[in-house]
Amino acid sequence: MGDYYSSDEERYYYDDDDDRDASDGLPDLETEVLLPSTKSPSSEVITKESLLIAQRGDLRRIMDVLSLKEHHARTLLIHYRWDVDKVIAVFVEKGKDKLYAAAGVTVLEHNNLSSELSSTVMCLICMEEVSASDVTTMDCGHHFCNACSDHDGTMDLTLMVCISWTEHFIVKINEGLSRRIRCMAHQCYAICDEAKIRSLVSARDPYMSEKFDRFLLESYIEDNKQVKWCPSVPHCGNAIRIKYDELCEVECTCGLQFCFSCLSEAHSPCSCLMWELWTKKCHDESETVNWMTVHTKPCPKCHKLVEKSGGCNLVCCICGQAFCWLCGGPTGREHTWTSISGHSCGQYKEDQEKKTERAKRDLLRYIHFHNLFKAHTDSFQREAELKETIQEKISILEDNQSTFKDFSWVTNGLCRLFRSRRVLSYSYPFAYYMFGDDLFKHEMTKKEKEIKQNLFEEQQQQLHANVEKLSLFIGEPFDKYPENKVEELRMKVINLSVMIDGICRKLYECIENDLLGSIQHAHHSIAPYMSMGVEKASELSICWENEA
C-alpha cells in the first residue's frame, strides 16, 4: 500500500512530551506548528547512470586513506561487503598487513621487472624460458608468459597452455566469481589484478570482458549490505542505498514502498518474520486444510474426504462404504435410532475431540484477524479514490472565489488517513502472531499475555475509532458548505490528524518496549514509526565524482 502523497506535503509538529491521553478530547490547535523539513534523507536512489559514481565514491575514500590503487581498494571493499567504516576499523585495530592478508590483497612493486630479472624468465604455466618482456606478473609476484597474444598462429604447447590460463578467467566469470578471481599459482590466495584479467580476456572474448566489468560494477549492489535492488516488477533498474539502520522502509523514485530488510512490501508494525508467515498463510492452502479437518472425515475404505450434510451420524462415501461419523469406523448400512448394523460406537476419542476443537478455534481466530486486515486494506483502496475527488472539490471552491486560499489541511488530513489506515491494517497480522502460539508460546504466561493483549487492543481500538472518524470528515462535501462550516471542519481534521499521529506513536512504543522488547528467546524488530510516512529516497548527488 502506498501513501499516495509525498512525505513533504505534511508539516505537522507533534509534541512527543505531551502525555495527554488521546481519548481526552481534541488537542489545542496552538500545539500545532507548521515547520519545514530539515532532516536530510537517510536513503538514496542509485540509477544505472549513477551506479559508477556511487562506487567510485567509496573506492576513493579507501584509496585516499590507505594510498592504494583502485583494484586493491575494490578487492578490500568486496571482501568487507563495501563497508568503508569496517575496512578502516580493521585497519586501525589490526594493522595494514592483517587487513590485506584477510582480503587477499598483495601490494608489491614490479615496475622495474625487466631490470630486476634476467633477460629471460621461466613462465610458471608452460614452464618454458621466455623473454622478460613477454611476461605478465601478478601483484603476488607470480608471472606467466603472454605468448598467446604475440604468437604467429602456429599451434604449439605454449599456445595451448596460455589459452588455458585465459580459460581460467573465463570459467570464473561464467561461474559468477569474477569479483574475486585468485591467482592460479599453487597455494596462492592473492586476488588477480582486474586490469590484467581484462587485458587477457578481451583478447580472447570482448563480450566476456564486458561481462567481467559489469559484474565488478554490480558488486557494489550485490555485495553491499547497505544497497539493494528495488524489488519492483517489472524492475525499474534502480537500487536504494541507506545511510543508517538496515531495518527501515523506503520509497523508490518509481513509487514502490518496500521493507529494506526483507524486500517485501512495507509492513510495519509487523516484523519481517511475522509478515512472511502471514503472507504464506494467506496464500497457501493451510487454512483450507484446517477447514477440511473441521468439516470432513476420511472414508475408511478409499480415504477420500467426506462432508456430512445431514444430522445422522451414519454417512456413506461415494465408493459405497458406510462409516460412523463419530469415530470414523466402517459400518453396515442398516441402522436404528440406537444402533448401527455391524458397529458398536462408544464415545468420542478424547484426543480427536481436542484436536478438532483446537482446529476450529485456530480457524476462527485466523478468520477474525484476516477479515479485519482485509476490511482495512479494502478501505485503504477505496479511500485512495478520495484523492481525485478532493482535488475536484478544491477546484470548485477556488473557482467560486472562496475566501479560503489554503487547503493543505484537507490534503494533509488525507495523507494522515492513508498512513494511519496502513498502520492499522498491519497491526492485525502483528496481533495474530504476537498473542498466538506460533512464535511466542513460551515467552509469556497466560496472565502476562492477557494483560499485554488488553493493553495493545485498547490502543488499537483508539486508533480504529479515530481513523474511521477522520475518514468520515475527509469524505464530507465541504465544497458545498458555508465558510463557517468549512472552518469548523478544517479544525476538526487538523486536530484529529495530530491526535491520530500521537496514537500511532504510542502504539509503536507499546510494541517496541512492552511487547517485542520483553521477548527473551527470539529477536523481532520492526521498522520505526515515521510520522511523515515512508521516506522517499533522494536522487544520488553526482557531485561526488567532481569532489573526488
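Quick notes
- Residue pairs whose Cβ atoms lie under 6 Å apart, sitting 6 or more positions apart in sequence or on different chains, and linking a residue in the stretch 226-241 that is within 13 Å of LEU51 (Cβ to Cβ) to a partner that is open to solvent by 50 Å² or more (accessible area, probe 1.4 Å) and not in a loop (DSSP other than H, G, I, E, B), are ALA239/TRP229.
- Residues that are over 51 Å from the mean Cα position of the chain (by Cα) and of a type in the set (A, V, I, L, M, F, W, C) were ranked within the stretch 302-322; the one that is least open to solvent (accessible area, probe 1.4 Å) is ALA322.
- Among the conditions (1) of a type in the set (S, T, N, Q); (2) crowded, with 16+ Cβ neighbours inside 10 Å; (3) modelled with pLDDT of 75 or more, the only one that THR296 does not satisfy is (2).
- Taking the criterion of being charged (D, E, K, R) and open to solvent by 90 Å² or more (accessible area, probe 1.4 Å), the residues of the stretch 363-389 that qualify are LYS374, ARG382, GLU385, GLU388.
- Condition broken by MET532, with the remaining ones in (1) part of a helix (DSSP H, G or I); (2) at pLDDT below 95; (3) closer than 28 Å to GLU249 by Cβ satisfied: (1)
- Among the residues of the stretch 77-111, those identified as among the β-branched types (Val, Ile, Thr) and either over 15 Å from CYS183 (Cα atoms) or open to solvent by 20 Å² or more (accessible area, probe 1.4 Å) (or both) are ILE78, VAL84, VAL87, ILE88, VAL90, VAL92, THR106, VAL107.
- Residue in the stretch 199-209 that is closer than 23 Å to TYR100 by Cβ and of a type outside the set (A, V, I, L, M) present: no
- Among (1) modelled with pLDDT of 90 or more; (2) surrounded by fewer than 17 Cβ atoms within 10 Å (Cβ to Cβ); (3) under 29 Å from the mean Cα position of the chain (by Cα), the one test that ILE519 misses: (1)
- Residue tally, condition within 17 Å of GLU70 (Cβ to Cβ) and open to solvent by 20 Å² or more (accessible area, probe 1.4 Å), over the stretch 176-190: 2
- Residue count for the stretch 401-450 satisfying the condition of being closer than 20 Å to CYS504 by Cα, among the aromatic types (Phe, Trp, Tyr) and either in contact (Cβ under 8 Å) with a residue 24 or more places away in the chain or open to solvent by 40 Å² or more (accessible area, probe 1.4 Å) (or both): 7.
- Number of the exception - ASN513 against (1) without any contact (Cβ under 8 Å) to a residue 12 or more places away in the chain; (2) closer than 24 Å to LEU386 by Cα; (3) not aliphatic (A, V, I, L, M): (2)
- Candidates in the stretch 36-76 are the residues that are open to solvent by 80 Å² or more (accessible area, probe 1.4 Å) and not in a helix (DSSP H, G or I); of these, the one that is modelled with the lowest pLDDT is PRO36.
- Exclusive hit being among the basic types (Lys, Arg) and in a helix (DSSP H, G or I), set LYS405, LYS447: LYS447
- Filtered by the rule that a residue be of a type in the set (Val, Ile, Thr) and farther than 27 Å from GLN462 by Cβ, the stretch 480-501 gives a lone residue, VAL486.
- In the stretch 451-470 there is at least one residue that is in contact with an Asp or Glu (Cβ under 8 Å, 6 or more places away or on another chain), assigned by the TED database to the domain that holds ASN400, charged (D, E, K, R) and open to solvent by less than 50 Å² (accessible area, probe 1.4 Å).
The values are calculated or read from the model by the stated rules, or taken from the named source; none is laboratory data. In this text the structure is predicted, and so the values were computed from the model without any measurement. Note that each Cβ is placed from the backbone with ideal geometry, even for glycine, and that neighbours are counted across all protein chains shown. Accessible surface areas use protein heavy atoms only, side chains included; no ligands, DNA or RNA. Shrake-Rupley method; radii C 1.70, N 1.55, O 1.52, S 1.80 Å.
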